[in-house]
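**Student:** Quick one: the structure is below, questions incoming.
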Amino acid sequence: MIHKLMRSKAEPGVVSESAHTVAGAESPATPAETSAPHKNGATAISTNGTQPSLSLRGICKSFPGVLANDNIDLDVFGGEVHAVLGENGAGKTTLMKILYGVYQPDSGVIAFKGRETRIQSPNAGRRLGIGMVFQNFSLIPALTVVENVALFLPSYGMFLSRRAIARQIQEVSDKYGLQIDPKARTGDLSLGERQKVELVKLILARAEVLIFDEPTSVLAPHEVDGLFRVFDELKRDGYAVLFITHKIQEVLQTADRITVLRHGKVVECTPGEGATADHLVAMMLGIGVPEVVRNTQMRQHSANGAAVEFRDVWTAEKNDPRGLHGVSFHVMPGEILGIAGISGNGQQQLGEVLLGLQRRRSGSVYLFGEDASGRSIASMLDAGVAYIPEDVLGMAMVPTMKVEENLVLGELQKYGNGGIWLDRKGMRRQVDSTLSRFPLKLAPLDTRVEHLSGGNIQRVVLARELAMSPKVLMAYYPTRGLDVLTAETTRGLLMECRDNGGAIVLVSEDLEELFALSDRLVVMYQGNIVGEFQPESASLHEIGLLMTGHHM
Amino acid sequence: MSTFWIVLGGAFTGAVGPGISVLYATYGELITERAGRINLGTEGCMLMGACFGFIATVETGSATLGVLAAMLAGSMLSLIFAYLVIFRDTNQLATGFALTMFGAGVTAWAGRDYVDSLIGGLNPISIPLLSQIPLVGKALFRQDILVYLAYALGPLLWFGLYYTKWGLSLRAVGESVTVAFAAGRNPALIQVAAIAFGGALSGLGGAQLSLAFTHTWSEGMTVGRGFIAVGLVIFGMWSPVRAMAGAFLFGGAIGLQLQLQSVGAPVSPFILDMFPYVITLAVLALWSGAASRAMPEGLRTVLRGGT
């Protein structure tokens, strides 16, 4: 490395050329090696004197009705981890899409290494050296790791030299301790591994600014620590890491500098050292810290037996990783059962089997002590089962219909006036009276659902499913897309439902939420329940390990 | 007993001839599908190739020019398909099928004066030594140039798909247009090129039929081979090398049927005519589960009716 560093100083063009060609098969040049002025190591943070890798001045971007980015200034330096912190809807994603060339700013200036530039497309951004690790990765599952990486290499001649590319991947992988198998089919990798592939891809495509959009949302707790170690390595090699998140703990753990966004504006840019969680929350929300609702009341199981019980339910063959593999569990009335697990480990099938959307291969489902295995969807709904699905827009809403119509979707017969006409006035009266008792504010009732934001759609579903105080509720990610205050209100609603005797199965990716709400907690991994805990006596670490397939 | 061996030997000899035209069309359709499009106009492209290749050979006296004309004719028809599905966003299955009908009509009309024409066409070339191998030698190595080209094309296409930049781009487009675009490729252009190339190969298959196999032109002479090719792509799970096996299986079924007819098997010739197609369908039915995983993602919505 030192040898190369010196050579690159002597003849700057040479190293970057050889990084292009696979035939040369040299390890990829890091920004610290190619651009001389950057310092290695911990001192690289100093912001005066060095030129930022990327700098934004006065960036504005508006969408109909929203000013998503309002006069944003941001500098990202080589050799630092810069966190952009903000709630959902604070403008983080818009800002990142501008950096990556998906959106064009309405006004403002972007400079890359001091040179003003326009980023017209993702491809142009990547050519400059800006790489982005998206939440849903840009990898093709059917291709191998080598092929996915090759697709994004700047140039490798006419033929695809699998061995040379595999060697490059191996080198980067070893250097940052990523443990990637270049020959693996990408679709067979876990989400955490795919994230690493994405990172290697960007490094080999010679990105110098690496943008991570909510990178930890697909990771288990111990994988998060691994990612942060990689951040440190990247920093040392002179890369600029831009880390977008709403998780304060992670920011405190890893960021050298923190930029806080609220309502599209930069409210603060502060060094990571010395920052406190309380302060950041206050900045992020613009208010004092809300009390986290805690589930203090441990309920005794009532004697009438379980509201829902699964007995050895299978939906898939043993060797098929998707689906349920002999799941047994029960929920009592007045109990919240939390289900922890990385999404895609059978959680979705639980709800679909309960409701009758998906067939079982074997096993049975009991509802209030009766075998409900073969019952129709309609009869399950009539029995008081409510369902907040994972894919709200696809499974719970008709996007082209109005909010009001979606609210009464399940009970349209009630308003069938003489069997032909829809009694719209009666419908509106009913909806108004229900909503008057409901604490969440909804979008105007005659808006079409397709025009609502994710958070507002979620509110409509919550209103429909919770307002009727269901006896059984399958809730998937109920607070997803909601702002902090609404999420708190929603948690309160769930507990109210529980206190009224409802049995709730809560599937969430937010472990803190699960710990706060659940009376009992189970962990799912590959279609099985692999552990059961009382939230008071379980540790995050323990559950994180189980979620990723480690046995105790 | 000896009849049995004659029939089987004959089936084997017969496998190569009729299999080659299907093999070309299968290659062509395979490239098209790897780019994420399914062209049911393959049958039409084969007819275009068979007809215009034949006409060009009659008019110029050169089979080489005939072959080139066939490839051009096939790619012209497939370019209409490309324009309609990529730029006008029409339904792929309906468009392809309509173009097959269109190709059948055009060739019936254009070829009406050539039905009785005679040509030298392409004649077998024996490969020394190899053609002397007992039983299979003559079948495999005393054939026309297009047969040898077809042998070579399978491994070549395989290499192209997996070991060149173009192949990677093509497969990426077939798997995810979004990612391919993000990687700086032009998906529409790649699909147009793949479809045109596929059409040219189908046209070449048609030319093999009229210039080398039958040395005649007759209306609708491909009798569904283009559709068989679509099936064989699935049978070969989108691999050119496996597609060769499929094409020879189909050719063998035709060869067997011809042999059975010639030894006077007590079965209606109409039943025997169905034989190759029934075999192909049966194999497809058994295969479809395994093929599902190999299917390019871009085809899934078309072949599965959306998910």
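**Student:** Output the residues belonging to the range B:115-126 that are open to solvent by 50 Å² or more (accessible area, probe 1.4 Å) and among the β-branched types (V, I, T).
**Tutor:** Selection gives B:V115, B:I125.
**Student:** Residues that are within 14 Å of another protein chain (Cβ to nearest Cβ) and at pLDDT below 85: find the helices (runs of 4 or more DSSP H) completely inside the range A:95-203 holding 1 or more of those.
**Tutor:** Of the helices (runs of 4 or more DSSP H) lying wholly inside the range A:95-203, those with at least 1 residues that are within 14 Å of another protein chain (Cβ to nearest Cβ) and at pLDDT below 85 span A:122-128.
**Student:** OK, next. Going by the structure shown, is A:I110 buried (at least 21 other Cβ atoms within 10 Å of the Cβ) and not assigned by TED's automatic domain parsing to the domain that holds A:V209?
**Tutor:** yes
**Student:** Checking the condition open to solvent by less than 10 Å² (accessible area, probe 1.4 Å) and closer than 30 Å to A:R126 by Cβ, which residue from B:A229, B:A194 passes?
**Tutor:** One residue alone meets the criteria, B:A194.
**Student:** Scan A:A275, A:A255, A:A303 and give me the residue that is over 23 Å from the mean Cα position of the chain (by Cα) and modelled with pLDDT of 80 or more.
**Tutor:** It is A:A275.
**Student:** What number of residues in the range B:148-173 are more than 9 Å from chain A (Cβ to nearest Cβ) and open to solvent by less than 30 Å² (accessible area, probe 1.4 Å)?
**Tutor:** 8
**Student:** Yes or no: A:E233 charged (D, E, K, R), farther than 20 Å from A:L99 by Cα and either touching a Lys or Arg at 6+ places or on another chain (Cβ under 8 Å) or not assigned by TED's automatic domain parsing to the domain that holds A:V84 (or both)?
**Tutor:** yes
**Student:** Here is a follow-up. State whether one or more residues within the range B:211-219 are open to solvent by 20 Å² or more (accessible area, probe 1.4 Å), without any contact (Cβ under 8 Å) to a residue 24 or more places away in the chain and small (G, A, S).
**Tutor:** So far as the range B:211-219 goes, no, none of its residues is open to solvent by 20 Å² or more (accessible area, probe 1.4 Å), without any contact (Cβ under 8 Å) to a residue 24 or more places away in the chain and small (G, A, S).
**Student:** Let me ask you something else. Filter the range A:363-373 down to residues that are open to solvent by less than 50 Å² (accessible area, probe 1.4 Å) and not in a loop (DSSP other than H, G, I, E, B) and give me whichever is farthest from A:D312 (Cα to Cα).
**Tutor:** A:L367
**Student:** Sticking with this structure for a sec: Please specify each residue of the range B:255-287 satisfying the condition of being modelled with pLDDT of 75 or more, in contact with a Gly (Cβ under 7 Å, 6 or more places away or on another chain) and open to solvent by less than 20 Å² (accessible area, probe 1.4 Å).
**Tutor:** Scanning the range B:255-287 gives a single hit, B:G255.
**Student:** Take A:H222 and tell me if it is open to solvent by 20 Å² or more (accessible area, probe 1.4 Å), closer than 18 Å to A:K196 by Cα and of a type outside the set (K, R).
**Tutor:** Answer is yes for this residue.
**Student:** Looking at the range A:170-186, I want the residues that are under 17 Å from A:D237 (Cα atoms) and open to solvent by less than 10 Å² (accessible area, probe 1.4 Å) and have a partner that is assigned to a strand (DSSP E or B) and among the hydroxyl-bearing types (S, T, Y) with Cβ atoms under 9 Å, at least 6 apart or on another chain. Which pairs are those?
**Tutor:** Cβ pairs passing all conditions: none.
**Student:** Of all the residues that make up the range A:36-83, how many are among the aromatic types (F, W, Y) and at pLDDT 85 or above?
**Tutor:** So the answer is 1.
**Student:** Could we say that A:Q347 is assigned by TED's automatic domain parsing to the domain that holds A:A516 and closer than 21 Å to A:S190 by Cβ here?
**Tutor:** yes
**Student:** Among the listed residues A:I504, A:I529, which satisfies the condition of being open to solvent by 30 Å² or more (accessible area, probe 1.4 Å), part of a strand (DSSP E or B) and under 25 Å from A:L324 (Cα atoms)?
**Tutor:** From the options A:I504, A:I529, the qualifying one is A:I529.
**Student:** Which one of the conditions (1) open to solvent by less than 50 Å² (accessible area, probe 1.4 Å); (2) within 14 Å of chain A (Cβ to nearest Cβ); (3) of a type in the set (A, V, I, L, M) does B:V177 fail to meet, given that it meets all the rest?
**Tutor:** Going through (1) open to solvent by less than 50 Å² (accessible area, probe 1.4 Å); (2) within 14 Å of chain A (Cβ to nearest Cβ); (3) of a type in the set (A, V, I, L, M) one by one, B:V177 breaks only (1).
**Student:** Assess whether A:R491 counts as being buried (at least 20 other Cβ atoms within 10 Å of the Cβ) and either touching a residue at least 12 places away in the same chain (Cβ under 8 Å) or assigned to a strand (DSSP E or B) (or both).
**Tutor:** yes
**Student:** For the range A:128-140, check the following and say yes or no: at least one residue is within 23 Å of the chain's Cα centre (by Cα) and open to solvent by 50 Å² or more (accessible area, probe 1.4 Å).
**Tutor:** Yes; the residues of the range A:128-140 include at least one that is within 23 Å of the chain's Cα centre (by Cα) and open to solvent by 50 Å² or more (accessible area, probe 1.4 Å).
The values are calculated or read from the model by the stated rules, or taken from the named source; none is laboratory data. Quick caveat, the model's predicted, so the values are computed rather than measured. When we count neighbours, we look across all protein chains shown, and the Cβ atoms used for this are built from the backbone with ideal geometry, even at glycine. Heavy atoms of the whole protein, side chains included, go into the accessibility calculation; ligands, DNA and RNA do not. Shrake-Rupley method; radii C 1.70, N 1.55, O 1.52, S 1.80 Å.
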